[in-house]
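J.: Take this structure first; my questions come after.
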Amino acid sequence: MARELIARVHGLTKRFGERAVLSDVDLEIGRGEFVALLGRSGSGKSTLLRILAGLDTEIEGEARVEGAVSVAFQQPRLLPWRRVWRNVVLGLRDRGRDRALAERALAEVRLAGHADAWPRTLSGGEAQRVSLARALVREPDLLLLDEPFGALDALTRLAMHRLVEDLWREHRPGVLLVTHDVDEALLLADRVLVLGEGRIIAEHLLDHPRPRAVSDHIDVRARVLADLGVTDHAIA
Ligand SMILES: Nc1ncnc2c1ncn2[C@@H]1O[C@H](COP(=O)(O)OP(=O)(O)OP(=O)(O)O)[C@@H](O)[C@H]1O
């Protein structure tokens, strides 16, 4: 049986003025598939994600998503004047059930008991978990993550990887994770795409059972680093 597509990008070109930032990009994401998108700074990752999120519609070609989309960004973008639970359900049109939905989502990100807190009282990792709860409460078919762990310390980042993996297992949205971190991509994704100069220049499938260790993918890791043109882990 053909896999069900949740996102389909075909012949996508995006220009800012004269300059094409994305050129003739093709990309498909199946239902429940976890895709990571790597690329050097300025290669067009966030632009592609914003287009899939429907935040940028001035494009050539096709970018279609079936169903609901949620986005979580590097910064949690919480409204400081709303309590945590109100941030989670911001914009939802289900007034009667808002509080219960928020509490359930907060429990899922291990923040039960923080519903009435103010955003300024949260740590960076907690705020990012609220942002994830806000994305999940919409029950997305496609979850777009734009470097969601980029601003977190290494230990919090590891805990977030486990959390995202658990949430993905539970809800099975399609995921597109934009990241600079090759190891993060290898741990979490079914498929790793490398974007270079506005085109997808490489694709790697990861079929090792989860939960994974980076050592399961030393070979793919070397190839991805070569695709990125780096020999070191740090990507400029
Ligand atoms: N609104 C805009 N107007 C003009 N140029 C833009 C705009 N948004 C992005 N760009 C340019 O498009 C290119 C791709 O940007 P994008 O943010 O998608 O890259 P990225 O791969 O996500 O980079 P990073 O990893 O640094 O976040 C960059 O050269 C950027 O300067």
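J.: Quick one: which residues, 5 or more positions from Ala202 or on another chain, have an amide H under 5 Å from its amide H? H modelled 1.01 Å from N in the peptide plane, none for Pro or chain starts.
T.: HN-HN under 5 Å from Ala202: Val194.
J.: As a check on your grasp of the helix formula, calculate [θ] at 222 nm for the chain: sum -39500 (n - 2.57) over DSSP H runs of n ≥ 4, divide by the residue count, round to the nearest 500.
T.: -9000 deg cm²/dmol
J.: Specify the inter-centroid distance of segment 32-67 and segment 209-231, based on alpha-carbon positions, in whole Å.
T.: Computed from Cα coordinates, the inter-centre distance equals 23 Å.
J.: Another question about this same structure. Counting alpha carbon pairs within less than 8 Å and at least 6 residues apart, what relative contact order, in whole percent, applies to the chain?
T.: 27 percent
J.: Suppose R0 equals 30 Å. What FRET efficiency, 1/(1 + (r/R0)^6) with r the Cβ-Cβ distance, do Arg93 and Asp190 give to the nearest 0.05? Don't skip to the end; give the middle numbers.
T.: On the way: r = 33 Å, r/R0 = 1.10.
Given R0 = 30 Å and the Cβ-Cβ separation, E is 0.35.
J.: When the chain is fully extended, how far beyond the present Cα-Cα distance does Glu62 get from Ala222, taking 0.36 nm per residue of separation?
T.: Gain in length upon complete extension: 54.4 nm.
J.: State, to one decimal in nm, how far the label point of Phe16 lies from the label point of Ala112, with both points 7 Å from Cα in the Cβ direction.
T.: Spacing of the two 7 Å Cα→Cβ label points: 4.5 nm.
J.: Moving to a separate point now. What FRET efficiency comes out for the pair Arg77/Arg212, r = Cβ-Cβ distance, R0 = 35 Å, nearest 0.05? Each step should come with its number before you reach the end.
T.: Details: r = 30 Å, r/R0 = 0.85.
Here the calculated transfer efficiency is 0.75.
J.: Moving to a separate point now. With the chain treated as a Gaussian network of Cα nodes joined by springs under 10 Å, which of Phe149, Phe34, Phe16 yields the largest mean-square fluctuation?
T.: Ranking Phe149, Phe34, Phe16 by mean-square fluctuation puts Phe16 first.
J.: Counting only DSSP beta bridges with both residues in segment 124-223, tell me the antiparallel percent, nearest 5.
T.: Around 55 percent antiparallel, to the nearest 5.
J.: So which residue, out of Arg129, Arg86, Arg120, gets the largest mean-square fluctuation from a GNM of the chain using Cα contacts under 10 Å as springs?
T.: Sorting by GNM fluctuation, first place goes to Arg120.
J.: Something else now. For the chain, with a Gaussian network of springs between Cα atoms less than 10 Å apart, report the residue from Arg221, Arg97, Arg172 with the top mean-square fluctuation.
T.: Arg97
J.: Rank the residues Trp168, Trp118, Trp85 as a footprinting-exposure proxy: fewest other Cβ atoms within 10 Å of their Cβ go first.
T.: In order of increasing Cβ crowding within 10 Å: Trp118, Trp168, Trp85.
J.: Dipole magnitude of the chain about its Cα centre, charges +1 at Lys/Arg Cβ and -1 at Asp/Glu Cβ only, in debye to the nearest 20?
T.: 980 debye
J.: Roughly what angle does helix 124-136 make with the longest principal axis of the chain, taking Cα atoms, 0 to 90 degrees, to the nearest 10?
T.: The angle comes out near 90 degrees.
J.: On to the next question. Which percentage, to the nearest 5, of the DSSP beta bridges contained in the chain is antiparallel?
T.: In the chain, approximately 50 percent of DSSP beta bridges are antiparallel ones.
J.: A further question on this structure: For Arg31 and Ala151, FRET efficiency with R0 = 41 Å and r from the beta-carbon atoms, rounded to 0.05?
T.: 0.85
Computed from the coordinates by the stated procedures, all read-outs in this text should not be read as laboratory data. Being a predicted model, the structure only gives us computed values, none of them experimental. In this analysis, Cβ positions are derived from the backbone assuming ideal geometry, glycine residues included, and neighbour counts consider all displayed protein chains.
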